[in-house]
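See below for the structure under consideration.
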Amino acid sequence: MSEFTEVSIVRNANIYFDGKVTSRIVKFANGDIKTLGIMMPGDYEFGTEQKEIMEIQQGNVDIQLKGESEWTRINAGEQFIVPANSSFKINALDVIDYCCTYVD
């Protein structure tokens, strides 16, 4: 889906890693929540509370999920899933445009 309709957006940005990763919360009428963000090239690690579906809209990343020894390349137009109460490492190879969906 390239466009969201009938949503509200939280004005304040989520800012991580000295501004190298930012996102905005998008709330849907049915209670679903997504974040839309930008990630500058670099290495980052994130923890999760809920299951997350990370869609890479633009750019390429390498990811390593908690407990895995191998890194996986995710290209623009692809996604990866991170379980709830977990973490992942991500190496942003380019400027990354992403959409994250939170799943209960």
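What follows draws every value from the coordinates through simple rules; no lab data is involved. In this text, all values refer to a predicted model and were calculated from it rather than measured experimentally. Methodologically, a virtual Cβ is constructed for each residue, glycine included, from the backbone with ideal geometry; neighbour enumeration extends over all protein chains shown.
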Counting only residues that are over 13 Å from the mean Cα position of the chain (by Cα) and loosely packed, with under 14 Cβ neighbours inside 10 Å, the range 57-70 contains a total of 4
Could you run through the range 55-88 and say how many residues are within 13 Å of MET39 (Cβ to Cβ) and charged (D, E, K, R)? 2
